[in-house]
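Worksheet for the structure shown next.
The values are calculated or read from the model by the stated rules, or taken from the named source; none is laboratory data. Quantities reported herein were computed from a predicted structural model and do not represent experimental measurements. For neighbour counting, all protein chains shown are included, and Cβ atoms are generated from backbone atoms with ideal geometry for every residue, glycine included. Please note that ligands, DNA and RNA were not included when accessible areas were found on the heavy atoms of the full protein model with its side chains. Shrake-Rupley method; radii C 1.70, N 1.55, O 1.52, S 1.80 Å.
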Amino acid sequence: MLYLTRREVFSASHRLYNEKYSDEENSKIFGKCSNPNGHGHNYVLEVIVKGKIDPATGYVIDLKILKQIIRENVIDKVDHKNLNVDVDFMNGLNPTAENIAIGVWNQLQNKIPSGELYSVKIYETENNYVEYRGKE
Ligand code: NI
């Protein structure tokens, strides 16, 4: 079994908050990410596809095709957008790295033409990332 990774970057803003909490409580829980007017991150997305080699091509999946699928279904929707209001697949979700990873997974899950989606990683900072591997 082979695991192939495509890395993409995007920039987006968000505000993390729970409407049941006061601004002060939100600030305590979410820190800078709950700034009332939002703030931005340079996110890194890694999409890992798992599969066997196609003997005709030597590929698990053609990376040009994977890149195109990620661009159309994810990057074009999130890059330079506000994740709280601009992104259909994040509707109603608090845009934590966890929820972004799940949203991206749902966007890509049925669109991979060869191999299968194995993992979605979202790096919100250099030191923090979340990995989602579907409902295991
Ligand atoms: Ni933030």
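The H on the amide N of residue 54, modeled in the peptide plane, is under 5 Å from the matching H of 59, 60, each at least 5 residues off or on a different chain.
Per the Cauchy relation, a quarter of the hull surface: what is the mean projected area of the convex hull of the alpha carbons in region 16-63, in nm²?
Its average projected convex-hull area is 5.7 nm².
Ignoring solvent entirely, what values of log10 I(q)/I(0) come out of the Debye formula for region 30-87 at 0.21 Å⁻¹ when each Cα is a single scatterer? For the requested q values the scattering log ratios are -0.90. P(r) for region 2-132, from all Cα pairs and a bin width of 10 Å, is 12, 42, 28, 13, 4, 1 %, short bins first. For a straight C-alpha distance cut-off of 28 angstrom, the lysines reachable from residue 50 (same-chain residues fewer than eight places away being disregarded) are 64, 67, 77, 111, 121, 135. Note that region 126-136 has calculated 3J(HN,Hα) couplings of 4, 9, 10, 9, 10, 10, 10, 10, x, 6, 8 Hz, one per residue in order, obtained from phi through the Karplus relation 6.51 cos²θ - 1.76 cosθ + 1.60 (θ = phi - 60°); glycine and proline are x. One decimal place: the segment residue 79-residue 7 gains 24.5 nm when fully extended, by the rule 0.36 nm per residue minus the C-alpha distance.
On the chain, 45 percent of the accessible area sits on carbon and sulfur atoms, based on a 1.4 Å probe.
Annotation for residue 32 and residue 114: the two label points, set 7 Å from Cα along the Cα-Cβ direction, are 4.3 nm apart. Karplus-based coupling profile of region 64-71, in residue order and whole Hz: 4, 6, 4, 4, 4, 5, 5, 4, with θ = phi - 60° in 6.51 cos²θ - 1.76 cosθ + 1.60 and x standing for Gly or Pro.
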